[in-house]
1. Residues Ile176, Ile242: which one is of a type in the set (A, V, I, L, M), under 24 Å from Phe370 (Cβ atoms) and in contact (Cβ under 8 Å) with a residue 24 or more places away in the chain?
2. Go through (1) at pLDDT 90 or above; (2) in contact with a helix residue (DSSP H, G or I) (Cβ under 9 Å, 6 or more places away or on another chain); (3) of a type outside the set (D, E, K, R); (4) under 19 Å from Phe19 (Cβ atoms) and name the single condition Val97 misses.
3. Could you figure out which of (1) modelled with pLDDT under 95; (2) under 19 Å from Ser115 (Cβ atoms); (3) buried (at least 17 other Cβ atoms within 10 Å of the Cβ) isn't true of Tyr32?
4. Could you figure out which of (1) in a helix (DSSP H, G or I); (2) farther than 19 Å from Ala57 by Cβ; (3) out of contact with any Gly (no Cβ under 7 Å at 6 or more places or on another chain) isn't true of Ser356?
5. Show me the strands (runs of 3 or more DSSP E) entirely contained within the stretch 1-78 in which 1 or more residues are within 26 Å of Gln152 (Cα to Cα), assigned by TED's automatic domain parsing to the domain that holds His112 and in contact with a helix residue (DSSP H, G or I) (Cβ under 9 Å, 6 or more places away or on another chain).
6. Given the residues Gly190, Gly169, Gly224, which is the only one that is crowded, with 17+ Cβ neighbours inside 10 Å and outside the structural domain of Ser31 (by TED's automatic domain parsing)?
7. In the stretch 35-56, which residue that is crowded, with 22+ Cβ neighbours inside 10 Å and within 18 Å of Asn141 (Cβ to Cβ) is farthest from the chain's Cα centre (by Cα)?
Amino acid sequence: MSTPTTRIAFHTMGCKTNFSESSIISGEMQSYGYEKVSYKEEADIYVLNTCSVTENADKEARKLIRKAQKLNPLAKIAVIGCYAQLQPDQISKIPGVDLVLGAAEKFNLLSHLNSLNDTNESKIIRSSIKNISSFQPSYTNGERTRSYLKIQDGCNYNCSFCTIPLARGISRSNTIENTVKIAQNIADSGAKEIVLTGINIGDFGSKKDENFLQLIMTLDNLKGIERFRISSIEPNLLDNEIISFCAESSKFVPHFHIPLQSGSDSILKSMKRRYNADLYRSRVEYIKKLIPDCCIGVDVIVGYPGEEEEHFEQTKLFLESIDISYLHVFSYSQRQDTRAASLSNQVTKENKDYRSKALHVLSNKKRTEFYNQSINTIRPVLVEQSINGKIQGFTDNYIKVNIDNNLSCQNTIISVLLNDNKGSYMQGEII
């Protein structure tokens, strides 16, 4: 009689880097005979890859742990990732948790699962973040249209509000040679687009006498991939050479996501960010000069300690004055062991909520303006899916598009006339 297959379910929180890592870990588990199922289904093992960028992320992780235990009280539950690195003792006290793995040990999930015994005690595998110096490459596999390729991990910046250096360690990256080999594997799998991800990707190669510009110049020659997309990159590292190269490239798409966090120089200084508002403005203006139809996304934090109404108004006016396309708005969240947590003049929840709402309104306005500029233009769209007579995908400059057509053309790039702004997407027709 055959042995029943062990069912394993993964849920990934947070950034694209986490998704690339979950894909590699789950792929290894499947190669050893585990059956991957949805986190919504009954499984024998639940693996939660956590984020810890805000208190809300921690709360959501605890909720997902309870959900897994409810689905199968007898299942093993493993918690990995940033929250597991930062608060292992707290997590281990949650009923049902069997295994807690931080930054170094999450890639050894298989061996740690095999070593679990039948006691009810959680097993915490500790690793000092100071001892983590090796780079573990990862990428999402199985998503036919797009793959997230991790090229860099960790961060040396120590911004006053951020726990990432505590959760992931120092900045480190792969070599250009190895990164290109992995990208070629992705191309051979049939994916048409690669998104370059990491924690501070502009810092790529800093300890190897290589740099991010050299990497993208090399990747530009890769056969089989039609699009490369750069994920979030710090404004001080997004120099004019990188922008100029992307403007001339036929593969690197016209889309940048550049964190701002605040438009007030005094708040940026308190945050220990490595740029000011003038530098940020110059980056946006140079991009728009060379690539007028480029999509530019922006991260902003509201309610940072000491952010008075005048600081918020500076941020809002600054954002209104520059040619950006959308905002990701975050309310400041106190994080343990960060400098900002000890600062006075903490902002009330009411003020955070008010400021967040105001910037969400501005984001919708910016997106509407950006979409309207594309009406009656023809853009290349990578088709992600065809459902119920509708084709859905994204343009090179990150506009979501719906097309009324029964054509089955998933994972192909088609020319589309954008003819109507529907708010959250644009309506188009195949040319």
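The values are calculated or read from the model by the stated rules, or taken from the named source; none is laboratory data. None of the values given here were measured: they were computed from a predicted structure. Cβ atoms come from the backbone with ideal geometry, glycine included; neighbour counts cover every protein chain shown.
1. On the way: Ile176 fails: under 24 Å from Phe370 (Cβ atoms).
Answer to the selection: Ile242.
2. Tallying (1) at pLDDT 90 or above; (2) in contact with a helix residue (DSSP H, G or I) (Cβ under 9 Å, 6 or more places away or on another chain); (3) of a type outside the set (D, E, K, R); (4) under 19 Å from Phe19 (Cβ atoms), Val97 fails exactly one: (4).
3. So the condition that Tyr32 fails would be (3).
4. (2)
5. Hits in the stretch 1-78: 7-12, 45-50.
6. Details: Gly190 fails: crowded, with 17+ Cβ neighbours inside 10 Å; Gly224 fails: crowded, with 17+ Cβ neighbours inside 10 Å.
Exactly one of Gly190, Gly169, Gly224 is crowded, with 17+ Cβ neighbours inside 10 Å and outside the structural domain of Ser31 (by TED's automatic domain parsing), namely Gly169.
7. Val47
Yes or no, residue by residue, for (1) closer than 20 Å to His360 by Cα; (2) assigned to a loop (DSSP other than H, G, I, E, B):
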site	(1), (2)
Met217	no, no
Asn221	no, yes
Cys246	no, no
Lys269	no, no
His328	yes, no
